[in-house]
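First up is the structure itself, then whatever we jot down about it.
Read-outs: derived from the displayed coordinates by stated rules, not from any lab. Remember, predicted model here, so these are calculated numbers, not experimental data. Here the Cβ positions follow ideal geometry from the backbone for every residue, glycine too, while neighbour counts run over all protein chains shown.
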Amino acid sequence: MKKTLALCTPIPEKQMEYIKEQCDITICGELKHGKGNVTEEMTKEECLEILERCSEGVLSLLGDDNYPYGVPMNYFYENGKLYFHCAKTGHKIDAIKKHDKVSFCVIDKHEVLPEIYATRFTSVIAFGRARLMDDPKEMYEVVQRLALKFCPGDEDGVRKETDREFSALAMIEVTIEHMTGKKAKNILEGYGL
């Protein structure tokens, strides 16, 4: 027995063919976002859960000649702050010294549904101010926590590696001022399709 589904249009032809195979349909209006996806805001709690669980994203800064500069980075989140490590010199460092406002985007889930021309995703963008950490004791403690996120339970190895590389290391701390999170669900979710 086919499921009964009320749909909004327009829906791409290939997606409509797939839906018709699976359901008895009723067209009931026009879909605002088109293409079969509905996007909704995520709660602050959902955003924080993603920042705590994930480990990589794209840090965006204002670069040379005011061009946006986005760079993939490993990170960890703790108490309203994002932490990154990098070399002591380079484009990121120069950009932060000129302009401390940044954003950081984490894509948590991304699933392409080619048979119906749609995607499912969740993502968070955090906006805040970056600072180059300058207290060696604070930097050492933070880089240890960052490394343990990637090498849990290897305290001795992390300590040895940190001691070996610490003199070449810079740490960036971003204090989050606000964030947004979006999730897109295909319109067929909830119908078992």
In segment 41-137, the trypsin sites (Lys or Arg not before Pro) that fall in loop regions by DSSP, at most 16 other Cβ within 10 Å: Lys88
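Which entries in the list Lys88/Lys149; Lys149/Lys182; Lys44/Lys97; Lys44/Lys182 go over 20 Å, if you measure between the two C-alpha atoms of each? List each step's numbers first, then the result.
Numbers: Lys88/Lys149 22 Å; Lys149/Lys182 25 Å; Lys44/Lys97 29 Å; Lys44/Lys182 11 Å.
Flagged as over cut-off: Lys88/Lys149; Lys149/Lys182; Lys44/Lys97.
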Can you give the extra length, in nm with one decimal, that the chain gains between His110 and Arg131 once fully stretched, where that is 0.36 nm per residue apart less the Cα-Cα distance? 4.5 nm
Setting aside same-chain residues fewer than 8 positions from Lys109, which aspartates and glutamates have a Cα under 20 Å from its Cα? Glu40, Glu41, Glu45, Glu46, Glu49, Glu52, Glu56, Glu189
